[in-house]
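Each remark here refers to the structure printed beneath this line.
The values are calculated or read from the model by the stated rules, or taken from the named source; none is laboratory data. Note that the structure is a prediction, hence the values are computed from the model and not measured. With ideal geometry, Cβ positions are generated from the backbone for all residues, glycine too; neighbour counts draw on all protein chains shown. Each accessible area value is taken on the protein alone, full model and side chains, heavy atoms only, with ligands, DNA and RNA left out. Shrake-Rupley method; radii C 1.70, N 1.55, O 1.52, S 1.80 Å.
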Amino acid sequence: MRLLKAFLAQILGLIIALVADPLLPDISYDNVDFFILQSSAAILISLVLRQPRWWILIHCLFLPSVFFLLSFQVSAYWYLLVLCILGLVFWGTIKGDVPLFLSSTHVTNAVIELVYRESAVSFAELGAGIGTITVPLAKQYPHLIINAWERAPLPWLINIWRNRLNKNSHCFCSSLWDCDFDQYDVIFTFLSPVLMPEIGVILRNNMRPGSLLISAAFPVPGWEPELIKQLNNITRTQLYCYRITD
Ligand SMILES: C[S@@+](CC[C@H](N)C(=O)[O-])C[C@H]1O[C@@H](n2cnc3c(N)ncnc32)[C@H](O)[C@@H]1O
């Protein structure tokens, strides 16, 4: 539905620009007035269709980018290849999943330390990406049971490959909602503020008492953290640590 709305805004914007452009005085070179007309129309339609505001930037840049890239006369197969790779990496993003962006080494080290403090036996990661957390964790603690969930195919494959020597680490190519949340001493997640309320409700009901939830960067609304760990990385990430109670 999201893609359909975006597509509709672009196509209708194009039709409006094609109809209106010949009626207006030619005031600029290199199709600039045409681009402005098309993107303004696309933005208006996007707003009417109630697309999130960040689509405005995409509607502004889409047509000029198409023209700019066409000027290089690159074979269409390259665009198809790039599209396929992006599709494999950002698989669920179009349906609203959080896209891939990676935790820093600071976050990984802090998680390793927290797992040690907890004397954890089992660990889960929801949305595991390419194994930024699980690969070093599995190496550090070969007896820790590590299960991870990652829905996007390419990051999942990379995760599996990077963990191939770590017998204690498994990554499932499926939704994080398939996790048996009550099986773990520590659960780590780095997702988005949009998902946190839902995560909060599900984990509150399903994680076992005494276990620890670590959320990188995004707090769970309404939960009282046992600890907020401030890291010294560039983005000044905070790790929100929540103890699950009865
Ligand atoms: C912000 S990245 C974090 C990656 C990794 N945890 C890290 O810290 O480097 C979020 C990851 O969650 C995955 N993801 C988003 N929604 C998901 C879902 N519903 N089920 C499984 N994975 C999901 C994305 O594909 C992406 O790789």
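The residues of the stretch 13-27 that are assigned to a helix (DSSP H, G or I) and more than 12 Å from His59 (Cα to Cα), listed by number, are Ile15, Ile16, Ala17, Leu18, Val19, Ala20, Asp21, Pro22, Leu23.
Among the residues of the stretch 102-124, none is identified as in contact with a Gly (Cβ under 8 Å, 6 or more places away or on another chain) and without any contact (Cβ under 8 Å) to a residue 12 or more places away in the chain.
Just the residues that are open to solvent by 100 Å² or more (accessible area, probe 1.4 Å) and touching a residue at least 60 places away in the same chain (Cβ under 8 Å), please, taken from the stretch 49-93. Across the stretch 49-93, the qualifying residue is only Trp91. Say we look at the stretch 183-216 and pick out the residues that are open to solvent by 40 Å² or more (accessible area, probe 1.4 Å) and under 19 Å from the mean Cα position of the chain (by Cα); which of these is nearest to Gly96 (Cα to Cα)? The selected residue is Val194.
A count restricted to the stretch 138-160 and to residues that are of a type outside the set (S, T, N, Q), touching a helix residue (DSSP H, G or I) at 6+ places or on another chain (Cβ under 6 Å) and more than 10 Å from the ligand (Cβ to nearest atom) stands at 1. In the condition set (1) in contact (Cβ under 8 Å) with a residue 60 or more places away in the chain; (2) within 15 Å of the chain's Cα centre (by Cα); (3) open to solvent by 80 Å² or more (accessible area, probe 1.4 Å), Gly127 is compliant with all but (3).
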